[in-house]
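Readers should treat all values here as calculations from the given coordinates under stated rules, not as data from a laboratory. As the structure is a computational prediction, the values presented were derived from the model and not from experiment. Because the Cβ atoms are built from the backbone with ideal geometry, glycine has one as well, and the counts that use them run over all protein chains shown.
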């Protein structure tokens with residue numbers, strides 16, 4: 001027979017355990033996720049609801065991203081790069097500074113755009129509402145959204161006119177901040193540090209090769225390229241250069257990067273006319 | 001009815017107990033400053049620390065010609081003193097989490113981190129600087145699930161210092177992807193801390209009298225603990241001896 005004291009100590013013990021449970025950061029459980037089913041997203045005028053994305057996620061996403069959103073779906077062993085672990089709340093493609101959460105719009109855009117050179121396809125077939133619901137679903141996996149607000153998107157000034165001077169100035173930025181250490185002087189991803197790059201989980205990762213015709217991972221527009229090096233790609237070796245490249249210079253760098261790309265462009269023509277040579281890694285600072 | 005009265009009794013007892021703890025905590029705080037001192041040693045011969053091949057970056061090679069760089073896992077000084085061990089109070093610290101106002105500097109110098117191990121109080125601001133004429137990216141890797149958020153920022157030559165703080169206690173590896181040999185540690189603890197010097201000695205200051213458990217941490221994940229008593233006017237003492245892994 002159980003004494004009253006025993007019953008009380010049992011209850012008290014249970015209370016202590018329940019109080020301590022949120023303090024531990026162990027693997028999320030289905031129960032944790034159920035409690036966050038009310039997560040919302042706001043994209044334009046559309047409000048997305050996590051609970052409405054359950055079926056779509058089960059049907060289209062779970063195979064790679066897994067039931068718990070940790071990227072351990074049944075296809076995981078066959079994929080490289082690996083599917084994102086949504087529980088960590090760390091995302092490559094953001095309009096927000098490094099170390100902050102992306103905006104709902106950022107996640108919405110990533111779902112639509114897909115991720116080039118990975119198994120993440122474009123999901124442009126979804127309606128706006130379906131995509132907004134999936135954004136809310138992605139957010140419900142990470143406790144970060146309960147404790148933090150997304151970062152403030154970086155300011156991108158209007159794109160100036162492309163001029164040969166700007167392309168040349170962009171080349172100076174490329175040399176000064178040493179993009180070539182990983183991306184190589186010709187943009188072929190063959191810089192001295194390229195071979196040893198790893199992502200945050202220690203898996204080998206390649207720098208972007210500008211010359212093989214593929215699209216940058218987080219979008220192909222001039223503004224996308226501006227955003228990539230100013231916010232960095234969190235979870236990868238690509239750092240943020242926001243503190244070290246001024247907005248004006250950033251546009252110069254965008255134009256120079258366009259000139260490095262294999263796709264035909266106005267910038268490439270101009271660089272050709274200028275007879276612009278790759279940067280010299282051994283030149284003293286400021287003397288390219 | 002009976003149940004309810006018991007519940008009230010239990011909860012009021014809990015409230016009284018927690019008030020008592022708070023009161024005691026304050027009293028101990030006001031009781032003045034004691035300290036904990038000691039020496040940390042490495043058992044046996046110091047393991048050989050491999051040299052570092054920096055040929056990826058001619059600047060780094062040149063910066064280290066005078067004294068070739070080597071790994072810093074075990075920095076053993078005179079009479080076996082072990083450097084870069086972080087000591088902190090893991091139990092018994094009731095002080096409020098007022099972060100130290102001192103702003104420690106984590107410098108990138110000659111393509112190495114200086115210091116190799118930086119101890120910090122949770123919430124304490126620190127500065128990341130670069131003394132090098134080459135671009136670094138400073139990339140700490142906390143576990144985002146602990147509430148510390150990873151970030152990754154570049155520091156080209158002449159870049160301004162970066163000021164940051166870590167929210168919660170955690171051992172955080174720091175790396176530079178451009179120079180993959182660059183590995184450092186941010187050891188974030190709650191409350192006062194100390195790091196051993198070249199002779200393996202340390203002093204944790206601002207410890208009020210009381211009974212504590214002191215933890216000694218050595219990279220990557222070795223820890224040892226000891227019970228220490230600090231009395232008024234009498235510093236506590238704890239020596240540790242690590243075994244090379």
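Neighbouring Cβ atoms from other chains, within 10 Å of the Cβ of residues in A:236-243, number 6 on average. The convex hull of the Cα atoms of the protein assembly as shown, projected and averaged over all directions, covers 32.3 nm². Between segment B:71-86 and segment B:220-236, the C-alpha centres lie 19 angstrom from each other.
With an 8 Å cut-off on Cα pairs and a minimum separation of 6 or more residues, tell me the relative contact order of chain A in percent. Show your work: numbers first, answer last.
Working: 446 pairs, mean separation 52.4, N = 288.
In percent, rounded to a whole number, it is 18.
Fewest neighbouring Cβ atoms within 10 Å first, the residues A:130, B:163 line up as B:163, A:130. By the beta-carbon count within 10 Å of each Cβ, the least crowded to most crowded order of A:238, A:120, B:49, B:145, fewest first, is B:49, B:145, A:120, A:238.
Using helices alone, what [θ] at 222 nm do you get for chain A, with -39,500 (n - 2.57) per DSSP H run of 4 or more residues, divided over all residues and rounded to the nearest 500?
Values: 11 runs with 104 residues, N = 288.
Result for chain A: -10500 deg cm²/dmol, rounded to the nearest 500.
For chain A, take the longest principal axis of its alpha carbons; what is the angle in degrees between that and the long axis of helix A:4-20, to the nearest 10 within 0 to 90? Around 10 degrees separate the two axes. What angle, in degrees between 0 and 90 and rounded to the nearest 10, separates the Cα long axis of helix A:247-260 from the longest principal axis of the Cα atoms of chain A? Rounded to the nearest ten degrees, it is 70. As I understand it, the value is the acute angle between the Cα axis of helix A:128-140 and the longest principal axis of the Cα atoms of chain A; what does it come to in degrees, rounded to 10? With both axes taken from Cα atoms, the answer is about 70 degrees. Residue exposure proxy: B:85, B:214, ordered by other Cβ atoms within 10 angstrom of their Cβ from fewest to most, comes out as B:214, B:85.
Note on chain A: with a GNM built from Cα contacts shorter than 10 Å, the maximum mean-square fluctuation among A:156, A:167, A:111 falls on A:156. For the residues of B:174-180, the average number of beta carbons from a partner chain within 10 Å of their own beta carbon is 6. Taken residue by residue and averaged, Cβ atoms of other chains lying within 10 Å of the Cβ of B:131-138 number 4.
In whole Å, how far is the Cα centre of segment B:167-206 from that of segment A:74-105? A separation of 28 Å, based on Cα centres. Below 8 Å between Cα atoms, with a sequence gap of 6+, how large is the relative contact order for segment B:33-243 in percent? Computed value for segment B:33-243: 32 percent relative contact order.
Computed over chain A with a Gaussian network model linking Cα atoms closer than 10 Å, the most mobile of A:264, A:42, A:183 is A:264. Restricting the calculation to alpha carbons of segment B:33-243 gives Rg and Dmax of 17.8, 55 angstrom. Comparing A:107, A:274, A:33 in a Gaussian network model of chain A where C-alpha atoms under 10 Å apart are linked, the largest mean-square fluctuation is found at A:274.
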